[in-house]
Amino acid sequence: MATRTQNVGNHRQTATEKPQNHEAVLKPVDDFVGYLRDYATKNPEHMALWCLGVGFVLGWKLKPW
C-alpha cells in the first residue's frame, strides 16, 4: 500500500500524519517568500522594475533631510 504525501508549505506530510499544531503547518511568510522567488525566476524583468519602483518611492519618502 503506497502512502500519499502532501506538500504543506515547506513541510512534507504523509497522509497518516496529523499536524501537531497549526503553527507548524501555517507559514504565510515562508509561502509568500517562496511565491516571490518563483515569480522572480519566471519574470526577472518585472521583478527588477518593481524593486526599482519601490526603492525609488521609499528613497523619495524617507530621505534623511
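Every number here is computed from the coordinates shown, using simple stated rules; none is lab data. Just so it is clear, the structure is predicted and the values come from calculations on it, not from any experiment. Cβ atoms come from the backbone with ideal geometry, glycine included; neighbour counts cover every protein chain shown.
What ranking do 56-64, 26-34 get when scored by the average of other Cβ atoms within 10 Å per residue, highest first?
Peptide ranking by packing, descending: 26-34, 56-64.
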Task: Label-to-label distance, nm, for residues given as Phe56 and Lys42 (7 Å Cα→Cβ offset) - done: 2.6 nm
